[in-house]
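Reviewing the structure listed below.
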Amino acid sequence: MTAIIRKPDTLDKLKILSADAQYDLACACGSTKDEHRHRGADGKWIYPVTLANGGRASIFKILLSNVCSNDCKYCPLRQDMNIRRCTLQTEETVRLFLDYYNRKKVFGIFISSGVIGTPDNTAERINAIARVLRYRHRFKGYIHLKVIPGSSTAAIEEAVSLASSVSLNIETPGADNLAKLSNKKDYLADIIEPMKRISQMTARGNRYERVHQTTQFIVGAAEEDDRQIIRYMGGLYDRLHLNRIYFSAYQQGLGAADLPAEQTLQNPKEILTREHRLYQVDFLMRKYGFKDSEILFDEKGRLSLDKDPKEIWADNHPERFPIDINRADKFQLLRVPGLGLVSVNRILKQRQFAKIRRIQDIAKPNKRLNKATQYLKF
Ligand code: SF4
């Protein structure tokens, strides 16, 4: 008897593809590391996000296809994995998204994809959706497009011209590390050069300066250490002016059969803590004025798993403390362990009216504020 295999309909495809889309975090989904992994109640393709103004909204996040001709060893979609493959068509995706958008369920769309044949074929499919939305449906809202490593400059330029933000995943710091993970991707030609082109197009004063560029590191798959990742982060922020960097802890057992055990961190809890520490460093660099050269590591180039990186920096710089809570500027205050943006803004506001004499003048003491008092002078 011949088994009849039903072709997946749109809903089947959405279910299959949204399960696979969860590994790609380089989007506006969430402002904290955990929010990236949350999905909305309306379907696993709807993700809650925090907007720049602090408000909440949802985004339609979809993997166009889980077909892939690449061989990234950490990825459950790589070509030799035996999984059910499917691809959404352009009109199907546009219809689906507009249905959610017109019902005000989502404010924008995030589109990524495995490599369907060639990078340019894939880029054309991704761009086609954005083109139809922008030109036929006059959609002016948020579109995030994944840039496929190895796609042509023309395809990349079209993506930038259509998108609100684009991302190309750097995956790992340096060509040597990438060679451990993929035989097909060329670090300079397929990843770094396209990132540079995007950064030129979106530089301040240029036509596409409104377009954001983000990227993502896979953490713990290539024996890379934190020092290497953080040095690359410094370059990506300072020289290529990226808007945001995301981190995805390598998840063992999801298609990593070829990764040697010594190449990966074995303890899943450790690797999630490491991902968390990298997000903390990212915050220090983007919001608190830290440079990558100020971050401290152990002799193996690792961040501490036990203490947060700001506290380690402060404890290694006793000459900088205590600082005067009534005189220090914003960035000096932000270097105090236990003080975040909210408490620093409160201090700056409060001292316009009166001298701060004790921590209770700012807020009810808690564990974090109590820690901060050790580094402050009143
Ligand atoms: S290009 Fe690599 S990371 Fe992306 S879907 Fe294909 S195998 Fe996975």
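The values are calculated or read from the model by the stated rules, or taken from the named source; none is laboratory data. Keep in mind that this is a model prediction, so the values were computed, not measured. Note that each Cβ is placed from the backbone with ideal geometry, even for glycine, and that neighbours are counted across all protein chains shown.
Points to keep in mind about this one:
- Residues being in contact with a strand residue (DSSP E or B) (Cβ under 7 Å, 6 or more places away or on another chain) and either within 16 Å of the ligand (Cβ to nearest atom) or over 23 Å from ASP282 (Cα atoms) (or both) - total across region 196-229: 7
- A count restricted to region 107-117 and to residues that are within 16 Å of the ligand (Cβ to nearest atom) and part of a loop (DSSP other than H, G, I, E, B) stands at 5.
- Contact annotation: residue pairs with Cβ atoms under 6 Å, 6 or more positions apart or on different chains, pairing a residue in region 1-29 that is modelled with pLDDT of 80 or more with a partner that is within 16 Å of the ligand (Cβ to nearest atom) and of a type in the set (S, T, N, Q), are LEU17/ASN66.
- In a residue-by-residue description of region 165-185, the property of being part of a helix (DSSP H, G or I) and either among the β-branched types (Val, Ile, Thr) or not assigned by TED's automatic domain parsing to the domain that holds ILE229 (or both) applies to no position.
- Test: residue in region 149-164 that is within 16 Å of the ligand (Cβ to nearest atom), under 18 Å from the mean Cα position of the chain (by Cα) and either of a type in the set (Lys, Arg) or not in a loop (DSSP other than H, G, I, E, B) (or both): no
- Considering (1) among the acidic types (Asp, Glu); (2) under 29 Å from LEU240 (Cα atoms); (3) surrounded by fewer than 14 Cβ atoms within 10 Å (Cβ to Cβ), the lone condition that GLU319 does not fulfil carries the number (2).
- Filter result (touching a residue at least 60 places away in the same chain (Cβ under 8 Å) and part of a loop (DSSP other than H, G, I, E, B)) within region 280-297: ILE295, PHE297
- Filtering region 87-106 to residues that are in contact with a Leu (Cβ under 7 Å, 6 or more places away or on another chain), outside any helix (DSSP H, G or I) and either free of Cβ contacts under 8 Å to residues at least 40 places away in the same chain or more than 26 Å from ASP186 (Cα to Cα) (or both) leaves only LEU88.
- The listed residue being in contact (Cβ under 8 Å) with a residue 24 or more places away in the chain and either closer than 21 Å to ASN70 by Cβ or in a loop (DSSP other than H, G, I, E, B) (or both), out of LEU240, LEU236, LEU188: LEU240
- Candidate set: region 64-82, residues that are more than 8 Å from the ligand (Cβ to nearest atom) and in contact (Cβ under 8 Å) with a residue 40 or more places away in the chain; chosen: the one farthest from LEU98 (Cα to Cα): LYS73
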